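A quick write-up on the structure given underneath.
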Amino acid sequence: MAVHEPKQRTGLRHLVRMTDDRGIIEHARGAHPRFHTGYCVDDNARLLIVAVRDKNESQESATLARIGARFLLDAQRRDGHTHNRMSFERMWQDTATTDDCWGRALWGFGEAVLHSQDMEVKNRCYDGFDVGSLARSNTLRSMCFAALGAASVLEVDERNRGAFALLEDIRAMLAFHPNGHGSWQWVEPRLTYANAVIPEAMIACGYALGDNALVTRGLDLLRWLVEKETMNDHLSVTPVGGRGPLDHAPQFDQQPIEVAALADAAMRAGSVSGADEWDEVVHMAGNWFLGNNDTGLSMIDLEHGGGYDGLHEHGVNVNQGAESTLAMLSTMQHRSAMWLV
């Protein structure tokens, strides 16, 4: 299937359109933010990650990083628990928890500690990580998101006790989620969402703790996942509703977050293992957005710089919300075919 490289770079312009002084708006109608849908920690954590990874270190990315960091810090309670949803009127709509929003906030904090060139952002996010790392979640993905943040903090401060303690607890949790048997090697009965974060957390945790067996387990599980989510020469990722042992690709609707999670995990796998096989996974992830997918349709609106919300069997969801746009930009950062401008 042919992939046509874009003649222009996507840039951050859709993120700027979607973001006000409080945070990034969750949903869009087409390329226009739906302000009444408000904000969430999940998306503002992703915003912070994409902004601090911007190799151009533009004024736009610096501003977006500050906004994302401030949102996460304001969402955090003294016990480390985190709110997720805020109305456009700037009122929290939920009780603080240690659900995925908590894990993603710690991931965002860790990425800012590792990558931000703004010392105020770096230091405040370091403090935010320390507070958040006091809490724990009983859900696997939440802890896996948190593991990525802890691993990043340890790259900067190898003596951070909170990060080490968190990774030790995550390692123990992973031991209670053994691989499946036979042709179904996954740690759960079904693939659900952001699946690649689980093997990525195994790799990150194992590498940070010097546990080579856990690194190998993560690499093997990621390799299995990539095989399950590849059809011919392209990614055919787990759809909304999940995928079980008896389900076969292609299935719809497919969401960009699944592709971005694979790209993130493959980047880490390549960094830790040095194996070239992971470069191809990152390349396939970028190509999925460029049209090398089950329908042959581009998932990028080059005119506005956004990422489409979903891939249907006969078309695309042309709305360009925060999650999908950030998933596209994160993947393209890894792929390096179109650097942010």
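The values are calculated or read from the model by the stated rules, or taken from the named source; none is laboratory data. Predicted, not measured: the structure shown is a model, and the values here were computed from it. For neighbour counting, all protein chains shown are included, and Cβ atoms are generated from backbone atoms with ideal geometry for every residue, glycine included.
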*If Glu323 passes every condition in (1) among the acidic types (Asp, Glu); (2) under 20 Å from Ser61 (Cα atoms); (3) free of Cβ contacts under 8 Å to residues at least 24 places away in the same chain but one, which one does it miss?*
(3)
*Could you grab me the full set of residues in segment 150-183 that are in a helix (DSSP H, G or I) and either modelled with pLDDT under 95 or more than 30 Å from Arg243 (Cβ to Cβ) (or both)?*
Val153, Leu154, Glu155, Val156, Arg161, Gly162, Ala163, Phe164, Ala165, Glu168
*Working only within segment 271-292, note down all residues that are polar (S, T, N, Q) and either free of Cβ contacts under 8 Å to residues at least 12 places away in the same chain or loosely packed, with under 14 Cβ neighbours inside 10 Å (or both).*
Ser271
*So how many residues does segment 107-122 have that are without any contact (Cβ under 8 Å) to a residue 40 or more places away in the chain and aliphatic (A, V, I, L, M)?*
1
*Filter segment 35-61 down to the residues that are within 18 Å of Gly305 (Cα to Cα) and without any contact (Cβ under 8 Å) to a residue 60 or more places away in the chain, then identify the one that is surrounded by the most Cβ atoms within 10 Å (Cβ to Cβ).*
Ala51
*Looking at segment 138-146, is at least one residue at pLDDT 95 or above, among the hydrophobic types (A, V, I, L, M, F, W, C), touching a Lys or Arg at 6+ places or on another chain (Cβ under 8 Å) and assigned to a helix (DSSP H, G or I)?*
yes
*Residue identified as surrounded by 15 or more Cβ atoms within 10 Å (Cβ to Cβ), in contact with a Leu (Cβ under 8 Å, 6 or more places away or on another chain) and touching a residue at least 60 places away in the same chain (Cβ under 8 Å) among Ala150, Ala146, Ala196*: Ala196
*asked:* I'm trying to understand the selection: among the residues of segment 203-214, which are more than 10 Å from Arg268 (Cβ to Cβ) and either aromatic (Phe, Trp, Tyr) or over 19 Å from the mean Cα position of the chain (by Cα) (or both)?
replied: Gly206, Ala208, Leu209, Gly210, Asp211, Asn212, Ala213, Leu214
*Looking at (1) surrounded by fewer than 17 Cβ atoms within 10 Å (Cβ to Cβ); (2) touching a residue at least 12 places away in the same chain (Cβ under 8 Å), find the lone condition where Cys125 falls short.*
(1)
*Can you tell me which residues in segment 293-314 are among the aliphatic types (A, V, I, L, M), in a loop (DSSP other than H, G, I, E, B) and in contact (Cβ under 8 Å) with a residue 24 or more places away in the chain?*
Met299, Leu302
*What residue, among those in segment 301-328 that are buried (at least 24 other Cβ atoms within 10 Å of the Cβ) and aliphatic (A, V, I, L, M), is nearest to Ser236 (Cα to Cα)?*
Leu311
